[in-house]
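Step one of this worksheet: look at the structure below.
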Amino acid sequence: MTAVAPSERSAAAPPYRGRFAPTPSGPLHLGSLLTALAGWLQARTAGGRWLLRLDDLDAARSRPQHADAILQQLEAHALHWDEAPRYQSQHLAEYADAFQRLRAAGRVYACTCTRAQLARDSIAAVDGAVYAGTCRDAARPAARAAWRLRAGDGTLALHDRWRGELRRDVARDIGDFVVWRADGTPGYQLACVVDEDAQRITEVVRGTDLIGSSLRQLLLQRLLGLASPDYLHLPVLTGADGRKLSKQNHAAPVSAVAAGANLLQCLALMNQAPPAALRGGTPAEVLKWATSHWNPHALPQAAQIPVAAPPAEHGAAAAHLAS
């Protein structure tokens with residue numbers, strides 16, 4: 001696979017730099033707190049830095065008040081970041097530059113498929129639906145269109161620090177994906193790749209539901225000649241209905257009032273076995289213990305972990321925080 005533009009790589013391993021990248025479409029829930037905590041612990045035990053990024057490109061969902069609420073929630077849980085937060089909406093020129101490099105190299109094509117067409121024609125694959133290639137050989141349309149990456153062929157291997165090597169057939173399991181949207185904004189995968197490079201991220205900690213995104217981003221990194229971070233994919237928390245805890249599924253926000261208990265619950269869900277003596281402890285006390293005892297090798301192998309709903313008063317307190 002030929003890179004669009006080569007980049008120089010340091011022979012010495014760079015210092016650890018991790019990140020947490022929530023979408024400010026609502027306050028944090030327990031699943032996002034677990035991801036933040038795991039990433040924070042990875043950074044702290046490595047003697048590195050933990051950064052914050054707000055994925056606020058989707059203007060229809062992102063709100064400044066939600067971004068502020070997320071910052072408050074992280075601070076209430078003593079998960080302090082080490083550099084100024086990066087807001088994607090402030091870096092549009094960087095994403096456009098990366099897109100133009102792909103376009104100049106002939107690696108993208110216009111796609112006019114509707115949502116209905118995509119739902120009807122997409123092909124099931126290991127990590128989710130894959131585009132059927134409907135517009136791949138069509139003439140460039142005059143109408144507004146999205147732009148997809150020509151993913152190509154071959155095999156792509158991603159090494160997960162806990163799950164081992166994940167191998168996928170590029171054409172069958174990854175397919176051509178959107179890098180520039182029809183509304184003129186960058187696609188999620190392209191923006192993430194530019195962000196990881198700009199913030200010099202060395203490890204991405206995220207849920208198993210984003211393995212497909214990690215593979216697509218790895219492909220883009222190689223095409224753009226960018227260094228690839230390490231990856232650690234965590235189990236996804238699910239509610240009683242079996243659905244992932246998410247803002248779209250109306251997961252309850254985590255409460256600042258119960259910050260210590262929230263952290264202990266996340267540690268228990270990650271098989272870290274926090275002692276009973278920590279019950280009632282402050283976030284700082286819980287994190288001090290967790291930093292000394294963090295064991296990523298104990299993480300569950302399961303892709304999903306069911307979790308009981310938080311007490312109602314906790315959700316109410318968090319909602320107040322977000323208001």
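At a glance:
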| item | result |
| --- | --- |
| Estimated FRET transfer efficiency (ARG136, ALA93; beta-carbon r; R0 30 Å; 0.05) | 0.60 |
| Once exposed loop GluC sites (Glu not before Pro) are cut out (DSSP; at most 16 other Cβ, 10 Å), longest piece of the chain | 84-323 |
| Residue list for region 262-281, given a label point 7 angstrom along the Cα-to-Cβ vector of ALA302 and an amide N cut-off under 12 Å | 269-271 |
| Pairwise FRET efficiency - ASP241 versus ARG120, Cβ, R0 = 45 Å, nearest 0.05 | 0.95 |
| Debye, to nearest 20: dipole size of region 19-322, +1 on Lys, Arg Cβ, -1 on Asp, Glu Cβ | 540 debye |
| Per-residue ³J(HN,Hα) for region 84-89, Karplus 6.51 cos²θ - 1.76 cosθ + 1.60, θ = phi - 60°, Hz, x for Gly and Pro | 4, x, 9, 9, 4, 4 |
| Residues whose placed amide H lies under 5 Å from that of VAL179, excluding near-sequence neighbours | TRP147, ARG148, LEU149 |
| Distance between modelled label sites at ASP230 and ARG144, nm, 7 Å Cα→Cβ extension | 4.4 nm |
| Per-residue ³J(HN,Hα) for region 98-105, Karplus 6.51 cos²θ - 1.76 cosθ + 1.60, θ = phi - 60°, Hz, x for Gly and Pro | 5, 5, 5, 5, 5, 5, 5, 8 |
| Approximate spin-label separation ASP160-ALA276, in nm, with each point projected 7 Å along Cα-to-Cβ | 3.4 nm |
| Estimated dipole of region 159-236 in Debye, rounded to 20 [Cβ of Lys and Arg +1, of Asp and Glu -1, Cα centre] | 120 debye |
| Dipole of the chain [Lys/Arg +1, Asp/Glu -1 at C-beta], most positive-end residue of LEU299, GLN189, ALA110 | ALA110 |
| VAL204 long-range amide H proximity, modeled H, under 5 Å | ASP230, TYR231, LEU232 |
| Volume per residue of the C-alpha convex hull in the chain, rounded to whole Å³ | 139 Å³ |
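Read-outs: derived from the displayed coordinates by stated rules, not from any lab. Bear in mind that the values here come from a model prediction, so they are computed numbers and not experimental data. All Cβ positions, even for glycine, are placed from backbone atoms using ideal geometry, and neighbour counts span all protein chains on display.
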